[in-house]
1. If you check every pair at least six apart or on different chains, which have Cβ atoms under 6 Å apart with a residue in region A:44-60 that is outside the structural domain of A:I23 (by TED's automatic domain parsing) and under 13 Å from A:Q21 (Cβ atoms) first and a residue that is within 10 Å of DNA strand D (Cβ to nearest atom) and modelled with pLDDT under 95 second?
2. Does region B:128-170 hold any residues that are of a type in the set (A, V, I, L, M) and open to solvent by 50 Å² or more (accessible area, probe 1.4 Å), and which are they?
3. State all residues of region A:171-183 that are open to solvent by less than 10 Å² (accessible area, probe 1.4 Å) and either of a type in the set (V, I, T) or within 10 Å of chain B (Cβ to nearest Cβ) (or both); if no residue qualifies, say none.
4. Any idea which of (1) surrounded by fewer than 20 Cβ atoms within 10 Å (Cβ to Cβ); (2) more than 16 Å from DNA strand C (Cβ to nearest atom); (3) farther than 24 Å from B:L199 by Cα is the one B:R52 doesn't satisfy?
5. Scan region A:35-46 and give yes if some residue there is within 14 Å of chain B (Cβ to nearest Cβ) and either within 16 Å of DNA strand D (Cβ to nearest atom) or under 20 Å from A:L181 (Cα atoms) (or both), otherwise no.
6. Name, by its number, the condition in (1) in the same structural domain as A:R143 (by TED's automatic domain parsing); (2) of a type in the set (G, A, S); (3) within 13 Å of DNA strand C (Cβ to nearest atom); (4) at pLDDT 95 or above that does not hold for A:A67.
7. Would you point out the residue of region A:27-42, among those that are within 8 Å of DNA strand C (Cβ to nearest atom) and open to solvent by 50 Å² or more (accessible area, probe 1.4 Å), that is nearest to A:L123 (Cα to Cα)?
8. Across region B:69-127, what is the total count of residues that are open to solvent by 60 Å² or more (accessible area, probe 1.4 Å) and of a type in the set (F, W, Y)?
Number of protein chains: 2
Amino acid sequence: MTSPIPTGLSRRELNKAATRQAIADAALALLRAKGAGAFTVEDIAEGAGVSRRTFFNYFPTLEAALASVVDSFLEHALIEFRKRPADESVLESARAALMALADPMAAAPMAELFSLTQDNRVLARSELEAWDNCTSKVIDAVRERLGSDTDELYLRALAGSVISCGKAAMTVWFEACGPDLSPASLSILRQQLINAMGLLGSGFATPANLPGSHHATSTSPSPERF
Amino acid sequence: MTSPIPTGLSRRELNKAATRQAIADAALALLRAKGAGAFTVEDIAEGAGVSRRTFFNYFPTLEAALASVVDSFLEHALIEFRKRPADESVLESARAALMALADPMAAAPMAELFSLTQDNRVLARSELEAWDNCTSKVIDAVRERLGSDTDELYLRALAGSVISCGKAAMTVWFEACGPDLSPASLSILRQQLINAMGLLGSGFATPANLPGSHHATSTSPSPERF
DNA sequence: CATGGTATTTACACTAAGTGCAAGTTTGCA
DNA sequence: TGCAAACTTGCACTTAGTGTAAATACCATG
């Protein structure tokens, strides 16, 4: 039988991917329906049409299933990063790659996860892990670009800072706009990402509480919370 | 009986602190003796002479008891940071505060934890949480210094980057020197911390794959590379 | 120093996480 | 077609983490 789509993946691999996705989807659906911490692995497994044991074949913990949203969100940016020309500065590439995150399709699940897990400690831990994971991947990508003899401290400090700044931009954006994905809101996100990379590139030299600062950030002292 | 030490703490508070420390110590001792993941909360409680339930009154998880080592390590640096003059640049204060970490007394438990948990992902998660926790505290400290009207993005991006760079320096140092706490090794750690802050302050402008790579310099000027 | 109020510890019971194992089912391949 | 490898499942088991109520330790009174 010839596969209708000439994909390089075997049926086994397709099935696995589908199962994994089904589990992640079921987890997110339950998060939506019941709120954080109000459902079990068994519930997720049932929702995904799979046994409890199989759940654990795919994800080590319940939170990991939810954090897979963050994973694919960040993976998205990483792919963009690798597409950038090798002679571009790392920070410029990072800026460009992060722009991909301000896309409705990419940001939607992430923003939803953000809004649903604001106050959950356990879940936050898995999110941290996802960001950290991404940092490792950025380190690899940058090393690949700059050569394997690049100073290890430079690599790690740079990658860590880029991710921290990306995270900061996301956090500030979300606190200002909430799960709003309108073009206006996403434009603010883009601007925050650009600003964050700018701060990093300038060594945080600009005292940001000075009057200058003609950014699109007149939203920052916004008194409204949502 | 008058208390021999005129401390302002009640016996209750002293007992609590002692119990907490006993639990953390017992956890670290077990980690040393049996290795990561080879002992239970019950073991720790027994080692600390306390009931299992009491353990959970002090720490939410087993890993948290071990990560308390990281907590107090970072707390140490934070205290130094707050001691710095308010008109100093944040990066300079951070550099000075991080120097406190290259002290045998402070670094010893941390280095040991590092070497004992290299390959444990559950434990790594709690360490991540400790660093993240510290980031929040740095944000507060910096906001306190620069005024509450400081741009939130600036605060978060700066604090996150500083912590990332500190972490990078620790990681690189540990990978190079292992748990060695000799003056020579600690001097390397200090230099890595200085270099990391220098990179941050210069916007990562220095192409690090240049020959000499002894960039203890180029800290002060901030070339607007963006 | 007795006495009562409050904080802390403990035992017990319970739900749910996570893992090892062996048997069943599906897929890939010759 | 049939076999080997990968995947799924059920079952049993240990441990994490939490609620509750009784017991114990601390602290302030008179």
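The values are calculated or read from the model by the stated rules, or taken from the named source; none is laboratory data. Everything numeric here is computed off the predicted structure, so don't read it as measured data. FYI the Cβ positions are ideal-geometry reconstructions off the backbone, even for glycines, and counts take in every protein chain you see. All accessible areas refer to the heavy atoms of the entire protein, side chains included, with ligands and DNA or RNA removed. Shrake-Rupley method; radii C 1.70, N 1.55, O 1.52, S 1.80 Å.
1. So the pair list comes out empty.
2. Within region B:128-170, B:L146 is the sole residue that qualifies.
3. Of everything in region A:171-183, just one residue is open to solvent by less than 10 Å² (accessible area, probe 1.4 Å) and either of a type in the set (V, I, T) or within 10 Å of chain B (Cβ to nearest Cβ) (or both), namely A:W173.
4. Every listed condition holds for B:R52 apart from (2).
5. yes
6. Evaluating A:A67 over (1) in the same structural domain as A:R143 (by TED's automatic domain parsing); (2) of a type in the set (G, A, S); (3) within 13 Å of DNA strand C (Cβ to nearest atom); (4) at pLDDT 95 or above leaves (4) as the failure.
7. So the residue we want is A:T40.
8. Matching residues across region B:69-127 total 0.
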